[in-house]
Amino acid sequence: MFSIFRKTATEVAESSLKALNMDGLRGWQKEMPMASFTSAKDLDAWAIGCDKDIGGFSEAHLDFNDGHGRFHGHLSLDLPAENKEIKQSGYAAIRTKVKPQTLFGVPCWDTTLFRYLALHVKGDNRKYFVNIQTDGVVKTDLFQHRLFLRTPGQWETVMIPFRDFILTNNGIVQEDQIEMYREKVKTIGISIMDRQEGPFSLEIDWIKAMNTEFTEGDMDRLPPSAAAEE
């Protein structure tokens, strides 16, 4: 109980400081850091899972290596003989841990002032997805988008518009799509489930909510013609 009050007091103090600095009225921002790997301690903020947790044979790891994170392992499509209820295997995922609850609820990221989710990554030729969980009513809902890598084996920054994420539940695209609750982004993560046996490796430097010089959330700061002239 005391830890909750302590966290709440810290949150109130930070909110008050932001108000005094008129932080909420500062307008356009280029980026908001959400996750990064600067030391091995940053690994504590992440959760790891794969089908091995339910009896499968895949392996998943998250390491700190050469100044960045590395999500890697081996996917296996083999099904456990002793559990006939498992019909599909071969997946692995990481996500940021949910932050400890305070009296004001679960701390979340407000991404409404940014158009893109940006990731600085270096991957292979496997098929990865980016996952966003919001503080919504249905806890198993995820907003997902393919992580398209243009230069496998090289570092690149991938920028995904928040409005392009698709609502899924337990890996199934939902027929009734709803708008993402971008004021309350609770976790961000990456998964692989491409139905291919074998090793995978994705290196991660940072993840941010981001604007370009011409965007402000879902609004354009400059008309398309003016942006083209810049």
- [ ] Of the numbered conditions (1) modelled with pLDDT under 95; (2) closer than 25 Å to Met210 by Cβ, Pro80 fails exactly one; give the number of that condition.
- [x] (2)
TODO: Would you be able to say whether some residue in region 89-111 is free of Cβ contacts under 8 Å to residues at least 40 places away in the same chain, aliphatic (A, V, I, L, M) and on the phi < 0 side of the Ramachandran plot?
DONE: no
Open item on the list: Pairs needed: first member in region 194-207, touching a residue at least 24 places away in the same chain (Cβ under 8 Å) and open to solvent by 50 Å² or more (accessible area, probe 1.4 Å); second member anywhere, outside any strand (DSSP E or B) and among the charged types (D, E, K, R); C-beta distance under 8 Å; at least 6 residues apart or different chains.
Closed with: Gln196/Arg126; Gln196/Lys127
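If you check Pro161, Pro152, which single one turns out to be modelled with pLDDT of 95 or more and either in contact with a Gly (Cβ under 6 Å, 6 or more places away or on another chain) or within 16 Å of Glu203 (Cβ to Cβ) (or both)? Spell out the reasoning first.
On the way: Pro161 fails: either in contact with a Gly (Cβ under 6 Å, 6 or more places away or on another chain) or within 16 Å of Glu203 (Cβ to Cβ) (or both).
So the residue among Pro161, Pro152 that is modelled with pLDDT of 95 or more and either in contact with a Gly (Cβ under 6 Å, 6 or more places away or on another chain) or within 16 Å of Glu203 (Cβ to Cβ) (or both) is Pro152.
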- [ ] Kindly indicate whether Phe214 is touching a Lys or Arg at 6+ places or on another chain (Cβ under 7 Å), modelled with pLDDT under 95, of a type in the set (A, V, I, L, M, F, W, C) and open to solvent by 40 Å² or more (accessible area, probe 1.4 Å).
- [x] yes
- [ ] Collect the residues in region 64-120 that are closer than 18 Å to Ile190 by Cα and among the aliphatic types (A, V, I, L, M), keeping them in residue-number order.
- [x] Leu75, Ala92, Ala93, Ile94, Val98, Leu117, Ala118, Leu119
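Would it be correct to say that Arg195 is out of contact with any strand residue (DSSP E or B) (no Cβ under 8 Å at 6 or more places or on another chain) and assigned to a helix (DSSP H, G or I)? Working first, answer last.
Working: out of contact with any strand residue (DSSP E or B) (no Cβ under 8 Å at 6 or more places or on another chain): yes; assigned to a helix (DSSP H, G or I): no.
The answer is no for Arg195.
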TODO: Among the numbered conditions (1) touching a Leu at 6+ places or on another chain (Cβ under 9 Å); (2) free of Cβ contacts under 8 Å to residues at least 60 places away in the same chain, tell me where Leu119 comes up short.
DONE: (2)
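The values are calculated or read from the model by the stated rules, or taken from the named source; none is laboratory data. Not measured: the values here are computed from a predicted model. Don't worry about glycine lacking a Cβ; one is built from the backbone with ideal geometry, like all the others, and counts go over all protein chains shown. Quick note on the areas: whole protein, heavy atoms, side chains included, nothing else; ligands and nucleic acids left out. Shrake-Rupley method; radii C 1.70, N 1.55, O 1.52, S 1.80 Å.
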